[in-house]
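A quick write-up on the structure given underneath.
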């Protein structure tokens, strides 16, 4: 059993009681909702005549279904229009703060909460979305829930949960040029597997993590769930505090010093006990690309697609399924794989620093003929800041489309989607079969800079050759 | 409303493969809805369309089956409760597998659907037995943590907390959680950030 970790301390501070089942009733400090997983929860509240217990601790936005090219209302898709209307109605009726499109604060839920200082160290955060793990970057316990649990949080601001074990993952040393947080997390998942984290919270630490910006830490924690871990976190430090200082919902005035002291006290103690510790060397991590149908099927960009005999026996069946679905052959290099669509965005990699890194590659180059490339900023604020510093011009001059914020082609619930057997280079988080909107569409996951490199090359290339 | 989940008896349906994610169980385009009604017909929509008539959920011998037998890391990926809802509306009442992704497991629990685990050898034997005789009756006996079929009995596992919630009928947690309202208010008052963020 872990002891004296941030996870233990935050868990204890939020424990309401131990339930007869032995589970913990845990207070949820921040509840985020969006249009896809909340309407049924509100319907259940109405059915049971229950109010929302802490309406001020829930924040809503619209991200999954929103079009990124034409957001005029009503939306062209009547189902999407129905969903946003339902969210508008629910927020109005229950007094929930809602950042609608055009408010200047709309965006992907895991982008907007941190940028407004809603996400703070030491919180528990839940949202009906598995990438809620993103907020762990601040030293919060943050995890995805289903709709019945959304109902429970609305009605009680608590959840019935079993405590997780804690695995510390250390990345020692310094990442090389062209190697980003996305490569680190794809490397971790490749090594520990897509189910390696089941039952665990991941604590990321070590010099490579300490050197990361908050946005990089968010990318890292975001994909904890792809490794099977429901939540992942980084201990709060000076980088965290600097990011938060002055943000709208961060503590102000005399509260600030008190907050920093409290946050520092929550970080895992030097003698904390972990259920498991794993160490990786930053120098071993290359730009990483997935070749298969799970995020664990990744390789360094200069490696070859593994043959079944290179893999543990338990992974061979899935590898065979992946070769067939992806139409890639074992032993082939991943470099040179032609791509049709290039997508930069998502809660994993739709923040300002992601767009900056991609723009560095796009600058002065052109999207390859026949390739569709588009950039979807993670929020209205990211979009505005990127435009202010000239990133839009760089992308548009290079032939990328510049869109409005939303989840977009990460999961293709809006009009942005693959067609037929198209293959995408994508800065998103899941390469599952059919994930990007075509039942036979294919996805190669990589960092935003690698996606930009693929866009201007028309095929997968090592971004380090373009730096 | 909540009731004890004790013994589930019914025919099985085997679904082979590891890491079957919730996008495959219910593709995202079917999430454009404000109720869960009607999801049952779309369960595994893309997988079924790929191989018309060959998917277990389409095969006539498995129609009406209630116990889904799966391999490792079933339900990984997206947190969408639409996945267990679609399975439940198709007719699934219990899952037996090598392992389950955590959010999926919790979503099933919140609907009173047990996900129990057994070692790979047991799962494979069970999948084979069901494939050979789709009429075979399986019994998931939760109080005794057993699955029984034909002459066979095997132990199954389920975390203690989830097990208690199912057998005691407290898997729909809202009422129980709300009973501690005073303690909830106390914890809220003890958290400094609740104060810092007040009235903003």
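Specify the residue that is surrounded by the fewest Cβ atoms within 10 Å (Cβ to Cβ); the eligible residues are those in region B:132-161 that are within 14 Å of chain A (Cβ to nearest Cβ) and touching a strand residue (DSSP E or B) at 6+ places or on another chain (Cβ under 6 Å). Once the filter is applied, the top-ranked residue is B:157. Taking helices (runs of 4 or more DSSP H) as the structural unit, those lying wholly within region B:16-131 and holding at least 3 residues that are without any contact (Cβ under 8 Å) to a residue 40 or more places away in the chain and within 13 Å of chain A (Cβ to nearest Cβ) correspond to B:45-50, B:102-110. Taken residue by residue, region A:205-224 has no member that is part of a loop (DSSP other than H, G, I, E, B), within 14 Å of chain B (Cβ to nearest Cβ), more than 19 Å from the chain's Cα centre (by Cα) and buried (at least 23 other Cβ atoms within 10 Å of the Cβ). Take the conditions (1) modelled with pLDDT of 95 or more; (2) away from chain A (no Cβ under 12 Å); (3) out of contact with any strand residue (DSSP E or B) (no Cβ under 6 Å at 6 or more places or on another chain); residue B:8 misses just one of them, which is (3). Checked against (1) within 14 Å of chain B (Cβ to nearest Cβ); (2) more than 30 Å from residue A:353 (Cα to Cα); (3) touching a strand residue (DSSP E or B) at 6+ places or on another chain (Cβ under 7 Å); (4) touching a residue at least 24 places away in the same chain (Cβ under 8 Å), residue A:113 passes all but a single condition, namely (2).
For the criterion of being within 15 Å of the chain's Cα centre (by Cα) and within 29 Å of residue A:38 (Cβ to Cβ), residue B:40 passes. Restricting the search to region A:1-23, which residues are assigned to a helix (DSSP H, G or I) and touching a helix residue (DSSP H, G or I) at 6+ places or on another chain (Cβ under 7 Å)? Result: A:6, A:9, A:10.
Within region A:338-359, being out of contact with any helix residue (DSSP H, G or I) (no Cβ under 7 Å at 6 or more places or on another chain) and surrounded by fewer than 21 Cβ atoms within 10 Å (Cβ to Cβ) holds for A:338, A:340.
Rundown of residues vs (1) closer than 21 Å to residue A:272 by Cβ; (2) touching a helix residue (DSSP H, G or I) at 6+ places or on another chain (Cβ under 7 Å), yes/no style:
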position: A:115; (1), (2): no, yes
position: A:123; (1), (2): yes, yes
position: A:129; (1), (2): no, yes
position: A:139; (1), (2): yes, yes
position: A:144; (1), (2): no, yes
position: A:151; (1), (2): no, yes
position: A:160; (1), (2): no, yes
position: A:170; (1), (2): yes, no
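For region A:253-268, the condition holds for no residue, the condition being that it is assigned to a loop (DSSP other than H, G, I, E, B), over 24 Å from residue A:131 (Cβ atoms) and either touching a residue at least 40 places away in the same chain (Cβ under 8 Å) or touching a strand residue (DSSP E or B) at 6+ places or on another chain (Cβ under 9 Å) (or both). Screening the candidates A:26, A:32, A:87 for the property of being buried (at least 20 other Cβ atoms within 10 Å of the Cβ), in a helix (DSSP H, G or I) and touching a strand residue (DSSP E or B) at 6+ places or on another chain (Cβ under 9 Å) yields one hit, A:87. Only one entry in B:176, B:185, B:197, B:164 is out of contact with any strand residue (DSSP E or B) (no Cβ under 7 Å at 6 or more places or on another chain) and under 19 Å from residue B:102 (Cβ atoms), namely B:164. Of the residues making up region A:225-248, those that are assigned to a loop (DSSP other than H, G, I, E, B) and either touching a strand residue (DSSP E or B) at 6+ places or on another chain (Cβ under 9 Å) or more than 29 Å from residue A:427 (Cα to Cα) (or both) are A:228, A:229, A:230, A:235, A:246. Evaluate the following for residue A:142: is it closer than 21 Å to residue A:199 by Cβ, within 13 Å of chain B (Cβ to nearest Cβ) and over 23 Å from the mean Cα position of the chain (by Cα)? So residue A:142 does not fit the description; no. Of the conditions (1) more than 13 Å from chain B (Cβ to nearest Cβ); (2) part of a loop (DSSP other than H, G, I, E, B); (3) over 22 Å from residue A:37 (Cα atoms), residue A:101 satisfies every one except a single condition; which number is it? Failing condition for residue A:101: (3).
The set of residues in region A:40-52 that are at the interface with chain B (Cβ under 10 Å from one of its Cβ atoms) and either within 25 Å of residue A:249 (Cα to Cα) or surrounded by 23 or more Cβ atoms within 10 Å (Cβ to Cβ) (or both) comprises A:40, A:41, A:42. Of the residues making up region B:167-200, just one is touching a helix residue (DSSP H, G or I) at 6+ places or on another chain (Cβ under 7 Å) and more than 8 Å from chain A (Cβ to nearest Cβ), namely B:171.
The values are calculated or read from the model by the stated rules, or taken from the named source; none is laboratory data. Keep in mind that what you see is a predicted model, and the values were worked out from it rather than measured. No Cβ is skipped: glycine too gets one built from the backbone with ideal geometry, and neighbour counts run over all protein chains shown.
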